[in-house]
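A.B. asks: If you scroll down you'll find the structure; I have some questions about it.
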Amino acid sequence: MRRALIAVTFGGLLLSGAACSSDGDTDSATEAPTIVTPSSAPASTTPPPDYSANTRAVCAKVTKIYNTELEDFGTEIGKMIAYKEKKQTKEADAAEKAAGKQLKDAGAQLKKETAAAQDPKIQDAGAASAAKLTASATDTKFFDKIKTEKDFEKTIEAQITEWMTPVTGFCAT
């Protein structure tokens, strides 16, 4: 983004410089073009904001969401697996919907808690993780892959990593 701004600024300065120098002077063709380069911003003497205390508080809430909501999700998945193994389709579908609701709720809570963070990077990371949780809540392909406990164990670690990766860069869950 910064490079794009510099390029636009640089291009604008070149265009405005060219417009100013074309005043009908016949000798302008022999003059060397003036290249204006943007100066670097002066060094800031103020330290960056310290978000560490707020980050710890937000991360404690993220960890709680991770432990409680995803545990509830696991419980519903366990029910879904048991019903699938017994070929009780109606009950398995209900448990899948309940598991999806747990993911959606976890995403909503994660988004809410990280939106209150002072660090805008944590806000963005929380929103990204929340979006992944919410998307998986209605992803039938994800749920269809889980038919046994072994399937769940094989799938869930990578899935949790995918869901939480944006926010775990700030909060170790």
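A.B. asks: Taking the highest mean first, how do the peptides 64-71, 109-116, 50-57, 135-142 order by number of other beta carbon atoms within 10 angstrom per residue?
C.D. replies: Packing order, densest peptide first, comes out as 109-116, 64-71, 135-142, 50-57.
A.B. asks: If you don't mind, another one. Can you bin the stretch 55-95 into rounded, prolate or oblate? Criterion: square roots of the alpha carbon gyration tensor eigenvalues sorted a ≥ b ≥ c, rounded for a/c under 1.5, prolate for a/b above b/c, oblate for the rest.
C.D. replies: Details: a/c = 7.48, a/b = 4.66, b/c = 1.61.
Judged from the Cα gyration tensor, the stretch 55-95 comes out prolate (a/c at least 1.5, a/b above b/c).
A.B. asks: I've got another one for you. Looking at the square roots a ≥ b ≥ c of the eigenvalues of the Cα gyration tensor of the stretch 113-173, which shape do they give, rounded for a/c under 1.5, prolate if a/b is larger than b/c, or oblate?
C.D. replies: Since a/c reaches 1.5 and a/b is larger than b/c, the shape of the stretch 113-173 is classed as prolate.
A.B. asks: Here are some pairs, LYS79/LYS104; LYS112/LYS150; LYS97/LYS154; LYS64/LYS132; LYS101/LYS154; which of them have Cα atoms lying more than 28 Å apart in this structure?
C.D. replies: Violating the 28 Å Cα-Cα cut-off are LYS112/LYS150.
A.B. asks: Mind giving me the FRET efficiency for THR148 and THR45? R0 is 41 Å, r the Cβ-Cβ distance, nearest 0.05 is fine.
C.D. replies: 0.10
A.B. asks: Would you mind listing how long the stretch 52-168 runs along its three principal axes, going by Cα atoms, in whole Å with the largest first?
C.D. replies: Principal-axis extents of the stretch 52-168 (Cα, largest first): 50, 22, 19 Å.
Read the figures in this text as sums done on the coordinates, not as results from a lab. Being a predicted model, the structure only gives us computed values, none of them experimental. All Cβ positions, glycine included, derive from the backbone under ideal geometry; neighbour counts span all protein chains shown.
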